[in-house]
Amino acid sequence: RALALEPGMCDLVAMRHDVEADMADGSRRRIESRLVMQGERGGHSAMARTVGLTAAAGIELVLGGGLAGRAGLVLPTERDVYRGALDILEAQGVAFEEREVEIELAASASGGQGARRAEG
């Protein structure tokens, strides 16, 4: 119990994902996703909620038929799998805030490329 929280303490989970993509129309976009969750004093920790509820969402998808027709290991990289899990998590109060940003490329004098953010 070396890492146990003392009475009255709570933890904090903070995650950020930045994904950049070159789009078919030639533009470049970045999606910034953030999750900040504080644990409950005297209740469940934020780590327990984010890990436990994610596992529970996977179980709900399996038992509820959301993964019907699939056998073996199912990775959450297919839209119906991850979207289903994210919807379940959001209903339990675990949700990412997302924002999309367009990145304008400008050639520098040295021939390299730099990026300038423009809100999209």
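Rule-based calculations on the coordinates, nothing more; no lab input. What you see is a predicted model; the values in this text were computed from it and never measured. We place every Cβ from the backbone using ideal geometry, glycine too, and count neighbours over all the protein chains shown.
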Checklist outcome for this item: Rounded to the nearest 5, the percent of DSSP beta bridges in the chain running antiparallel is 100
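How much length is gained if the chain between M47 and E90 is pulled fully straight, taking 0.36 nm per residue apart and subtracting their Cα-Cα distance, in nm to one decimal?
On the way: separation 43, 0.36 × 43 = 15.48 nm, distance 1.58 nm.
That pair, M47 and E90, stretches by 13.9 nm at full extension.
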Checklist outcome for this item: Residue-normalised 222 nm signal for the chain, counting each DSSP H run of n ≥ 4 as -39,500 (n - 2.57), nearest 500 deg cm²/dmol, is -8500 deg cm²/dmol
Item to check | Which of H17, S45, P76, positive extreme of dipole for the chain (C-beta unit charges) | outcome: S45
Checklist outcome for this item: Filtering GluC sites (Glu not before Pro) in region 6-88 by DSSP loop and by at most 15 other Cβ atoms within 10 Å leaves E40, E78
Checklist entry - Tally Lys/Arg at +1 and Asp/Glu at -1 over every other residue whose Cβ is under 14 Å from the Cβ of L35; what's the total? => result -2
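Taking each pair of distinct Cα atoms in the chain once, what is the resulting Kirkwood hydrodynamic radius in Å? Present the calculation step by step, with values, prior to reporting the outcome.
Values: mean 1/r = 0.0568 Å⁻¹.
Hydrodynamic radius (Kirkwood, Cα pairs) of the chain is 17.6 Å.
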Checklist entry - Tell me, what ³J(HN,Hα) does each residue in region 26-38 have, in order and in whole Hz, if you take phi through Karplus 6.51 cos²θ - 1.76 cosθ + 1.60 with θ = phi - 60° and put x for Gly and Pro? => result x, 7, 10, 10, 10, 10, 10, 10, 9, 9, 10, 9, 9
Checklist outcome for this item: R34 and E104 label points (each 7 Å along its Cα→Cβ direction) are spaced in nm at 2.4
